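Undergrad: The structure under discussion is supplied below as structure tokens; questions concerning it will follow.
The values are calculated or read from the model by the stated rules, or taken from the named source; none is laboratory data. If you're wondering where the values come from, they're calculated on a predicted model, not measured in any experiment. Neighbour counts are summed over all protein chains in view; Cβ atoms, including those assigned to glycine, are modelled from backbone coordinates with ideal geometry. The accessibility values were calculated without ligands, DNA or RNA, using every heavy atom of the protein model including side chains. Shrake-Rupley method; radii C 1.70, N 1.55, O 1.52, S 1.80 Å.
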Amino acid sequence: MSAEAGGAVRETAGEGSGGQARRKAPEGTGAGAGSGAGSGQHKRRARRGTRRFPLFTKDTARPEGGGRAAPGDAPAPARQWPLLTVLVVVGTGLLVTALDAFRVGLLLIGAGLLGGAVMRWMLPRVGMLAVRSRFTDIVTYGILGVVIVLLALMAQPRPWLEIPFLDDVLHYTVRNR
């Protein structure tokens, strides 16, 4: 039995070393498995680097303008005042919406997002309000803010803003007259 176990071990070791030789050959070691290693038949060029992305990233770049908004010795809330300003305005809008003044609450939410877009555009450092590139943040905050404000102004009943062609579109799609 020990001979069979030893044979199995030798086969496994042989497969492992053969597998290692096959893995090392593309890296440019020039050593092939077997006696033809020096004959030049198994020589391969050294691999240059790979163009694939690494499996694990080692670090990520900070978004442009993503540094502290206040000096490092200031307390944490003061360093993140742009983000806290947007969160307070949006939170106030959610509270007002929950208290049954939905239009005013939604206008506050949209204004908070538009304020975030303006701060991202005007201020050189905005702390954690910077999530992506400056352009992407401005476009994202701006579009979301404008859409929320427009929907709040056009909400039924008694909309504050009426756009005539939207009434015609609605007439042909939903209304039964």
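Undergrad: Could you tell me how far the Cα centroid of segment 72-86 sits from the Cα centroid of segment 97-151, in Å?
TA: 18 Å
Undergrad: Here's another thing I want to ask about it. When the accessible area of segment 97-177 is split by element with a 1.4 Å probe, what percent falls to carbon and sulfur? Write out the running numbers ahead of the final one.
TA: Values: 3900 of 5500 Å².
C and S atoms contribute 71 percent here.
Undergrad: On alpha carbon coordinates alone, what is the Rg over Rh value for segment 108-177, Rh being the Kirkwood radius?
TA: On the way: Rg = 16.5 Å, Rh = 14.0 Å.
Checking Rg against Rh, the ratio lands at 1.18.
Undergrad: Give me the one-decimal nm value for the distance between modelled label points at residue 125 and residue 150, 7 Å along each residue's Cα-to-Cβ direction.
TA: My value for the distance between the label points is 3.7 nm.
Undergrad: Hey, another quick one. So between residue 135 and residue 100, what do we pick up on full extension, going 0.36 nm a residue minus the alpha carbon distance?
TA: Working: separation 35, 0.36 × 35 = 12.60 nm, distance 3.53 nm.
Taking 0.36 nm per residue and subtracting the Cα distance, the gain is 9.1 nm.
Undergrad: Next question. What is the spin-label model distance, in nm, from residue 163 to residue 118 if the labels are put 7 Å beyond Cα along the C-beta direction?
TA: Label-label distance for residue 163 and residue 118, simple model: 2.2 nm.
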